[in-house]
Amino acid sequence: MKLASLREGRDGRLVVVSDDLAWYADAAHLCPTLQAALDDWDRVAPMLELLATDLRNEAIPRARFHEHDAAAPLPRAYQWADGSAYVNHVALVRQARGAELPESYWQDPLLYQGGSDSFLGPRDAIALADEGWDADFEAEVVVVTGDVPQGTTRDDALGLIRLVGLTNDVSLRGLIAGEVAKGFGFFQSKPASSFSPVFVTPQSLGDWWQDGRLDRRLMVERNGEPFGRAEAGVDMTFDFGALIAHAARTRRLGAGTIIGSGTVSNRDADGGPGRPIAEGGLGYSCIAEQRAVETLRGGAATTPFLRRGDTVRIWAEDDRHHTLFGAIEQVVE
């Protein structure tokens, strides 16, 4: 089952989307918003599944689904916590600036709590007031949870994942160092994130959802050129069950909590840093990682951060090269 929110009010209007993302059926008569559905998931989800079946069989009224009409599936959420599950990414960025990676990073997940009061839709522009802030995209996988009890285990957490999707977690690299140096985390350096047009139930992903990991390539283009083809199911140190359990160690999580994987990152086949696509590698899911590899290999970074007019496209495909979640397509303004 694939769910989306069309632009309407602050929280959108819930629709069920066909598997090929071509059609939608209005679900407002069952539940007005996705957040309302998540709040009452055990009752509402079976009705939404029936609606999805009727849509598949063309047994109900339907309308064309256009991704540019979609808001973020959750235009605002009660909680957005982003992890750094691909420790390879953290290791490379720290190594490039001469910082040691603590051994604990391989044992205990990193999470930061981001702003969730206003998310960008999949076609909304990235508003960049100052190019000197060094804007970067970060292509990630996300999950949406139901209610998670405090102290839940990793295995139990996997059963509380309601939906899976993608995000572009924009970072302003030029502001991060100053904020982190204060010892109090990100704020100004983390503007609004954007999300894929649809979120999908784990059951609908079938074998592409394995042990809390999305077993698909995360495709990234910058200005129409291939930038990343990282395998999301590979080199993920902490699966989503582990991330959710970590977040719920000292508090419960409300239905509709979004948990991010952090930048998807792969090692090269020889175990070293990944290579650019132009050199036969899988590329990168953010600019900072490419710049880190350039620094390690050549002594200096050469790839520029985002500038006004640049475009970013992020998506994942099924075996027939159709998008699973739709595509995030943004221009920097």
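The values are calculated or read from the model by the stated rules, or taken from the named source; none is laboratory data. The shown structure was predicted, so the numbers you read here are calculated from the model rather than taken from an experiment. Ideal geometry is used to build each Cβ from the backbone, glycine not excepted, and the neighbour counts take in all protein chains shown. Side chains are part of the model used for accessible areas, which takes the heavy atoms of the whole protein and leaves out ligands, DNA and RNA. Shrake-Rupley method; radii C 1.70, N 1.55, O 1.52, S 1.80 Å.
At-a-glance table
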{"item": "Test: residue in the stretch 2-12 that is open to solvent by less than 70 Å² (accessible area, probe 1.4 Å), under 19 Å from the mean Cα position of the chain (by Cα), more than 30 Å from residue 290 (Cβ to Cβ) and hydroxyl-bearing (Ser, Thr, Tyr)", "result": "yes"}
{"item": "The stretch 20-29, subset surrounded by fewer than 17 Cβ atoms within 10 Å (Cβ to Cβ) and assigned to a loop (DSSP other than H, G, I, E, B), residue farthest from the chain's Cα centre (by Cα)", "result": "29"}
{"item": "Subset of the stretch 118-162 [basic (Lys, Arg) and in a loop (DSSP other than H, G, I, E, B)]", "result": "123"}
{"item": "Flag if residue 38 is of a type outside the set (S, T, N, Q), in contact with a strand residue (DSSP E or B) (Cβ under 7 Å, 6 or more places away or on another chain) and touching a residue at least 40 places away in the same chain (Cβ under 8 Å)", "result": "yes"}
{"item": "Residue that is nearest to residue 307 (Cα to Cα) [pool: residues in the stretch 127-148 that are touching an Asp or Glu at 6+ places or on another chain (Cβ under 8 Å) and surrounded by fewer than 22 Cβ atoms within 10 Å (Cβ to Cβ)]", "result": "128"}
{"item": "Matching residues in the stretch 47-85 - criterion: being closer than 20 Å to residue 260 by Cα and not in a loop (DSSP other than H, G, I, E, B)", "result": "80, 81, 82, 83"}
{"item": "Index of the failed condition, residue 60 passing every other in (1) crowded, with 17+ Cβ neighbours inside 10 Å; (2) more than 18 Å from residue 35 (Cα to Cα); (3) β-branched (Val, Ile, Thr)", "result": "(1)"}
{"item": "The stretch 191-203, residues that are under 30 Å from residue 127 (Cβ atoms) and either open to solvent by less than 10 Å² (accessible area, probe 1.4 Å) or at pLDDT below 95 (or both)", "result": "193, 194, 195, 196, 197, 198, 199, 200"}
{"item": "Test: residue in the stretch 86-98 that is within 27 Å of residue 322 (Cα to Cα) and either under 20 Å from the mean Cα position of the chain (by Cα) or assigned to a helix (DSSP H, G or I) (or both)", "result": "yes"}
{"item": "Identity of the residue in the stretch 157-171, touching a residue at least 24 places away in the same chain (Cβ under 8 Å) and open to solvent by 30 Å² or more (accessible area, probe 1.4 Å), that ends up farthest from residue 115 (Cα to Cα)", "result": "158"}
{"item": "Condition check for residue 35: in a helix (DSSP H, G or I), closer than 24 Å to residue 205 by Cβ, open to solvent by 10 Å² or more (accessible area, probe 1.4 Å) and not aromatic (Phe, Trp, Tyr)", "result": "yes"}
